[in-house]
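Enquirer: Here it is, the structure in full.
The values are calculated or read from the model by the stated rules, or taken from the named source; none is laboratory data. Since the structure is predicted, the reported quantities are computational estimates derived from the model, not experimental observations. No Cβ is skipped: glycine too gets one built from the backbone with ideal geometry, and neighbour counts run over all protein chains shown.
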Amino acid sequence: MYDLTGKQILVTGASKGIGKAIARQLLRQGAHIGLHYNRSAQGVEELIEEFGAERTLPIQADLEERKHTEALFQVALKQMKNIESVVLNAGIFEPHFIDDPLDSWLKVWQRTIKINLESAGILTKLFLEHFQKKKQGRLIYISSRAALRGETEEYLAYAASKGGLSSLAKTVARSFGKYNIKAFVVAPGFIKTDMAMEAISKIGEEKVLDELALNRLTTPEDIAPLVALLCSGQLDHSTGTTIDINAGSHIR
Ligand SMILES: NC(=O)c1ccc[n+]([C@@H]2O[C@H](COP(=O)([O-])OP(=O)(O)OC[C@H]3O[C@@H](n4cnc5c(N)ncnc54)[C@H](OP(=O)(O)O)[C@@H]3O)[C@@H](O)[C@H]2O)c1
């Protein structure tokens with residue numbers, strides 16, 4: 001395990017699923033964590049109880065709202081003086097179908113782009129300004145296999161938002177490397193969380209398993225160690241890279 005003692009890291013969507021597992025792993029390895037959440041305060045309270053208030057900072061923000069997103073940055077910066085890495089994990093998946101009325105189809109599109117991509121864009125812009133002054137920083141984007149392989153029609157907005165994130169990360173890596181700013185993309189396949197369980201049970205767990213090279217579904221705990229390694233700085237010279245964690249369901 002890499003020692004992350006003293007490192008300050010902000011994790012968005014740390015209240016459940018993948019973000020919570022990432023936050024827990026980083027806390028286990030000694031880091032100070034800004035625990036962003038929106039509705040699931042309880043998930044963040046559990047982490048604070050487990051690791052104590054000294055190394056945890058809860059921050060509530062609805063990332064569909066620009067003002068909340070800006071406030072998240074301001075509060076994080078005010079309370080944590082030396083943020084070195086930001087894990088942009090918060091996101092939604094809402095299915096929509098091409099035979100839906102355009103109004104409702106578009107509502108899902110707009111909400112998805114706002115939460116999954118636009119908020120990450122705003123946080124990227126604000127943290128890049130900050131990191132440029134500090135001459136260091138690391139942005140880790142939780143994208144998706146959907147951005148690389150494509151998915152079925154109900155994922156149109158979701159896949160587009162994740163494709164945007166992946167392109168954003170690559171451009172950050174190429175444009176800001178000379179400021180010692182690094183960017184990485186983590187692209188999970190199906191992971192056992194609230195977000196995916198509905199889709200997994202609709203497709204059928206057996207069928208999802210058949211698509212995998214491995215013999216069990218990936219869990220949030222399978223993602224967390226990679227993010228800890230990225231936060232350690234050991235992989236900095238892989239900046240711009242996309243790392244797949246999909247149990248061999250999409251090998252590029
Ligand atoms: N599960 C998968 O199969 C899978 C596959 C590929 C990529 N991913 C990506 O991994 C990330 C985490 O997904 P997950 O599976 O862990 O999902 P999850 O269990 O549903 O957790 C989603 C997280 O995002 C936060 N969030 C949702 N809407 C928000 C909003 N409007 N404002 C602020 N925060 C919001 C939630 O906060 P609250 O609960 O506090 O509101 C929660 O912490 C997402 O970006 C997702 O796209 C997941």
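Enquirer: Against the conditions (1) β-branched (Val, Ile, Thr); (2) under 18 Å from LEU126 (Cβ atoms); (3) crowded, with 24+ Cβ neighbours inside 10 Å, where does ILE22 fall short? Just the number, please.
Expert: Failing condition for ILE22: (2).
Enquirer: Touching a strand residue (DSSP E or B) at 6+ places or on another chain (Cβ under 6 Å) and not in a helix (DSSP H, G or I) - does that describe any residue in the stretch 14-21?
Expert: The answer is yes, given that some residue of the stretch 14-21 is touching a strand residue (DSSP E or B) at 6+ places or on another chain (Cβ under 6 Å) and not in a helix (DSSP H, G or I).
Enquirer: Restricting the search to the stretch 191-200, which residues are under 15 Å from GLY19 (Cα atoms) and either more than 6 Å from the ligand (Cβ to nearest atom) or without any contact (Cβ under 8 Å) to a residue 60 or more places away in the chain (or both)?
Expert: From the stretch 191-200, those under 15 Å from GLY19 (Cα atoms) are 191-196; that's our starting set.
If the condition is that a residue be under 15 Å from GLY19 (Cα atoms) and either more than 6 Å from the ligand (Cβ to nearest atom) or without any contact (Cβ under 8 Å) to a residue 60 or more places away in the chain (or both), then LYS192 is the only one that fits.
Enquirer: Let me ask something additional. Identify, from the list ILE98, ILE48, ILE9, the residue that is away from the ligand (no atom under 13 Å from the Cβ), under 18 Å from GLY137 (Cα atoms), β-branched (Val, Ile, Thr) and at pLDDT 95 or above.
Expert: After applying the criteria, what remains is ILE9.
Enquirer: Output the residues belonging to the stretch 204-252 that are aliphatic (A, V, I, L, M), surrounded by 14 or more Cβ atoms within 10 Å (Cβ to Cβ) and more than 18 Å from ALA146 (Cβ to Cβ).
Expert: Filtering the stretch 204-252 for residues aliphatic (A, V, I, L, M) gives 208-209, 212-214, 217, 223-224, 226-230, 235, 243, 245, 247, 251.
Among the residues that remain, those that are also surrounded by 14 or more Cβ atoms within 10 Å (Cβ to Cβ) are: 208-209, 212, 217, 223-224, 226-230, 235, 243, 245, 247.
Scanning the stretch 204-252 gives LEU209, ALA224, LEU226, VAL227, ALA228, LEU229, LEU230, LEU235.
Enquirer: From GLY177, GLY150, grab the single residue that is surrounded by fewer than 18 Cβ atoms within 10 Å (Cβ to Cβ), at positive phi and more than 8 Å from the ligand (Cβ to nearest atom).
Expert: Working: GLY177 fails: at positive phi.
So the residue among GLY177, GLY150 that is surrounded by fewer than 18 Cβ atoms within 10 Å (Cβ to Cβ), at positive phi and more than 8 Å from the ligand (Cβ to nearest atom) is GLY150.
Enquirer: Tell me, please, whether a residue that is under 27 Å from GLY30 (Cβ atoms) and not in a loop (DSSP other than H, G, I, E, B) can be found in the stretch 192-208.
Expert: no
Enquirer: Restricting to the stretch 1-19, name every residue that is surrounded by fewer than 22 Cβ atoms within 10 Å (Cβ to Cβ) and among the hydroxyl-bearing types (Ser, Thr, Tyr).
Expert: Residues satisfying the conditions are TYR2, THR5.
Enquirer: Criterion first (of a type outside the set (Ser, Thr, Tyr), within 21 Å of ILE251 (Cα to Cα) and either near the ligand (Cβ under 8 Å from one of its atoms) or at pLDDT 95 or above (or both)) does ALA157 satisfy it? Don't jump to the end; show me each part of the working.
Expert: Values: of a type outside the set (Ser, Thr, Tyr): yes; within 21 Å of ILE251 (Cα to Cα): no; either near the ligand (Cβ under 8 Å from one of its atoms) or at pLDDT 95 or above (or both): yes.
No; evaluated as a whole, the condition is false for this residue.
Enquirer: List the pairs whose first member sits in the stretch 136-149 and is under 10 Å from PHE184 (Cα atoms), whose second member is near the ligand (Cβ under 7 Å from one of its atoms) and of a type in the set (S, T, N, Q), and whose Cβ atoms are under 9 Å apart, counting only residues at least 6 apart or on separate chains?
Expert: Taking only residues 6 or more apart or on different chains, the pairs are ILE140/ASN89; TYR141/ASN89; ILE142/THR12; ILE142/ASN89.
Enquirer: So if I check each of GLN25, GLN42, which one is out of contact with any strand residue (DSSP E or B) (no Cβ under 8 Å at 6 or more places or on another chain), part of a helix (DSSP H, G or I) and within 11 Å of the ligand (Cβ to nearest atom)? Before the answer, list the steps.
Expert: On the way: GLN25 fails: within 11 Å of the ligand (Cβ to nearest atom).
Among GLN25, GLN42, only GLN42 is out of contact with any strand residue (DSSP E or B) (no Cβ under 8 Å at 6 or more places or on another chain), part of a helix (DSSP H, G or I) and within 11 Å of the ligand (Cβ to nearest atom).
Enquirer: On to the next question. Can GLU54 be described as in a loop (DSSP other than H, G, I, E, B), more than 12 Å from the ligand (Cβ to nearest atom) and without any contact (Cβ under 8 Å) to a residue 60 or more places away in the chain? Give the steps one after another, and end with the answer.
Expert: Working: in a loop (DSSP other than H, G, I, E, B): yes; more than 12 Å from the ligand (Cβ to nearest atom): yes; without any contact (Cβ under 8 Å) to a residue 60 or more places away in the chain: yes.
For GLU54, the condition - in a loop (DSSP other than H, G, I, E, B), more than 12 Å from the ligand (Cβ to nearest atom) and without any contact (Cβ under 8 Å) to a residue 60 or more places away in the chain - is met.
Enquirer: While we're on this one: From the list ALA159, ALA213, ALA228, pick out the single residue that is closer than 16 Å to ILE18 by Cα and among the small types (Gly, Ala, Ser).
Expert: On the way: ALA159 fails: closer than 16 Å to ILE18 by Cα; ALA213 fails: closer than 16 Å to ILE18 by Cα.
Only one candidate qualifies: ALA228.
Enquirer: Is the stretch 211-222 home to any residue that is farther than 25 Å from ILE140 by Cα, within 15 Å of the ligand (Cβ to nearest atom), over 22 Å from the mean Cα position of the chain (by Cα) and without any contact (Cβ under 8 Å) to a residue 24 or more places away in the chain?
Expert: Looking for residues that are farther than 25 Å from ILE140 by Cα, within 15 Å of the ligand (Cβ to nearest atom), over 22 Å from the mean Cα position of the chain (by Cα) and without any contact (Cβ under 8 Å) to a residue 24 or more places away in the chain, one finds none in the stretch 211-222, hence no.
Enquirer: Can you pull out the residues in the stretch 57-92 that are within 16 Å of the ligand (Cβ to nearest atom) and either touching a residue at least 60 places away in the same chain (Cβ under 8 Å) or of a type in the set (Lys, Arg) (or both)?
Expert: ARG66, LYS67, LEU72, ALA76, VAL86, VAL87, LEU88, ASN89, ALA90, GLY91, ILE92
Enquirer: Here is a follow-up. Consider the stretch 194-241. How many of its residues are under 24 Å from GLU153 (Cβ atoms), modelled with pLDDT of 95 or more and among the β-branched types (Val, Ile, Thr)?
Expert: The number of residues fulfilling the criteria is 1.
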